[in-house]
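The values are calculated or read from the model by the stated rules, or taken from the named source; none is laboratory data. No experiment lies behind these values; they were computed from the predicted model shown. Neighbour counts run over all protein chains shown; Cβ positions are idealised from the backbone, glycine included.
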Amino acid sequence: MIRVAISNRQRILIVNIPHLRRRARQVLLEMGFVKGDLSLAFVNDGDMRVLNATYRSIDRPTDVLAFAMSEGPFTDINPGILGDVVISTETALRQARRAGRDPDDEIDALLVHGVLHLIGYDHERSRSDARVMRAQERRLRHMLHNTG
């Protein structure tokens, strides 16, 4: 069973928790994960800026951060925990407006991106890895779009 814990710590965008829980499970199932724990948090730009500065030394907000439990010194403590995906709804809303896209579609895109990072995809390693990750993102977003 895939368990998804969702925390909404922002007031920028209405977050449909049951819908997003289903979306996260769909993505993980599509990627071959039938069990595991995922944490999904929605924050504002101020909170995201603090996280980005603390963990990436970049003093500005970003759209999504992923904290994989499969990385770092304690990976063997509980291998069933995939990790945390943190999404700034403020940045997501700005990006959606700029792209002329529905905010829910932008949240889906960021959810997919974050989950792919949790399971080992990394667009920053090489151009080849970036192409592979982008292809998976397109495929998963298409799947989500078609399942409503």
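In table form, for the structure just shown:
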read-out: Test: residue in segment 41-61 that is assigned to a loop (DSSP other than H, G, I, E, B) and aromatic (Phe, Trp, Tyr); value: no
read-out: In segment 20-41, the residues that are surrounded by 17 or more Cβ atoms within 10 Å (Cβ to Cβ) and at pLDDT below 95; value: GLY36
read-out: Flag if ARG125 is out of contact with any Gly (no Cβ under 7 Å at 6 or more places or on another chain), over 21 Å from LEU38 (Cβ atoms) and not in a helix (DSSP H, G or I); value: yes
read-out: Enumeration of residues in segment 91-104 that are surrounded by fewer than 17 Cβ atoms within 10 Å (Cβ to Cβ) and among the small types (Gly, Ala, Ser); value: ALA99, GLY100
read-out: Verdict on ASP129 being over 24 Å from PRO18 (Cα atoms), of a type in the set (D, E, K, R) and at pLDDT 95 or above; value: no
read-out: The lone exception for ASN78 - which of (1) at pLDDT below 95; (2) part of a strand (DSSP E or B) it fails; value: (2)
read-out: Count - residues of segment 4-40 that are closer than 18 Å to MET143 by Cβ and either free of Cβ contacts under 8 Å to residues at least 40 places away in the same chain or not aliphatic (A, V, I, L, M) (or both); value: 12
read-out: Filter pass, ALA68 being buried (at least 21 other Cβ atoms within 10 Å of the Cβ) and touching a residue at least 24 places away in the same chain (Cβ under 8 Å); value: no
read-out: Single residue of ILE119, ILE87, ILE107 found to be farther than 24 Å from ASN44 by Cβ and surrounded by 17 or more Cβ atoms within 10 Å (Cβ to Cβ); value: ILE119
read-out: Per-region count, segment 42-65, residues among the charged types (D, E, K, R), surrounded by 13 or more Cβ atoms within 10 Å (Cβ to Cβ) and out of contact with any Lys or Arg (no Cβ under 7 Å at 6 or more places or on another chain); value: 2
read-out: Of the criteria (1) under 16 Å from the mean Cα position of the chain (by Cα); (2) part of a loop (DSSP other than H, G, I, E, B); (3) of a type in the set (Gly, Ala, Ser), which one SER7 fails; value: (2)
